[in-house]
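Coordinate-derived values only; no laboratory data. Note that this is a predicted model, so its numbers are computed, not measured. Using ideal geometry, Cβ is built from the backbone for each residue, glycine included, and neighbour counts are taken over all protein chains shown.
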Amino acid sequence: MDKVALLSGSPLFEMLSNQELEAVAGLCQLRALGAGETLFDEGELGDSVFVVASGEIDVLRRDAHGQFKSIATLEPPQFFGEMSLIDKEYRSATVRAKTASSVLKLTTEDLTSFRKAHRDGFTFVIINIARMLSARLREMNSQMARGP
């Protein structure tokens, strides 16, 4: 797998130079998931962001009856898990492989290392996270305005 090519297509790493992408790729850990395998559960303490490398990943929340409801299905090169990097809170959703999948994982420690060597690239990553969070909030506001 060409990590640099995958990362260069991810909205998380827009505006990064090839050198910065290579540095991030060197920090990423590849994790394979079988269909139906849970990557993390809602309520777990998070310290990583993930980029979908292959397959489909479901983001799930429990409804009022305790049943899982898919709130998003992610495909390469989308990313998830960024909220816990920003607010250092517990995971807000359960993430499970819908199909056999693989993800690239970057921990807080990895990003700290990247920040020390590539300040501009790190700033772009934070801006890209803020953009995605803003887009998700706008979508949620729009859904709420439309009603149930």
(request) For each of GLU44, GLU82, count neighbouring Cβ atoms within 10 Å of the residue's Cβ, then give the residues from fewest to most. (result) GLU44, GLU82
(request) Place +1 on the Cβ of every Lys and Arg and -1 on the Cβ of every Asp and Glu in the stretch 1-107, take the dipole about the Cα centre, and give the residue among ILE86, THR38, GLN67 whose Cα lies farthest towards its positive end. (result) GLN67
(request) Work out the length of the dipole vector of the stretch 35-148 about its Cα centre, built from +1 on the beta-carbon of each Lys and Arg and -1 on the beta-carbon of each Asp and Glu, and round it to the nearest 20 debye. (result) 340
(request) May I ask you to sort LEU33, LEU133 by Cβ crowding, counting other Cβ atoms within 10 Å and putting the fewest first? (result) LEU133, LEU33
(request) Between beta-carbons, use under 12 Å as the cut-off and find the net charge around ALA53, counting Lys and Arg +1, Asp and Glu -1. (result) 0
(message) For a Förster distance of 30 Å, can you work out the FRET efficiency between the beta-carbons of ARG61 and THR99, rounded to the nearest 0.05?
(response) 0.90
(request) Could you line up LYS116, LYS105 from fewest to most neighbouring Cβ atoms inside 10 Å? (result) LYS116, LYS105
(message) Are there DSSP H segments in the chain that both extend 20 Å or more along their axis (alpha-carbon positions) and score a mean Kyte-Doolittle hydropathy of at least -1.0? List them, or say none.
(response) 119-146
(request) Decide, for the chain, between rounded, prolate and oblate: order the square roots of the alpha carbon gyration tensor eigenvalues as a ≥ b ≥ c, take rounded if a/c falls under 1.5, and otherwise choose prolate if a/b is larger than b/c, else oblate. (result) prolate
(message) I need the calculated FRET efficiency for the pair LEU137 and LEU45, taking r as the beta carbon distance and R₀ as 35 Å, to the nearest 0.05.
(response) 0.95
(message) Restricting to DSSP H runs of at least four residues, report the calculated mean residue ellipticity at 222 nm for the chain, -39500 (n - 2.57) per run over all residues, nearest 500 deg cm²/dmol.
(response) -12500 deg cm²/dmol
(message) What lysines does LYS116 reach when the alpha-carbon gap must be under 27 Å and sequence neighbours fewer than 8 apart in one chain are set aside?
(response) LYS3, LYS88, LYS105
(message) Just to confirm a number: summing +1 for Lys and Arg and -1 for Asp and Glu over residues other than ALA145 whose beta-carbon lies under 13 angstrom from that of ALA145, what do you get?
(response) +1
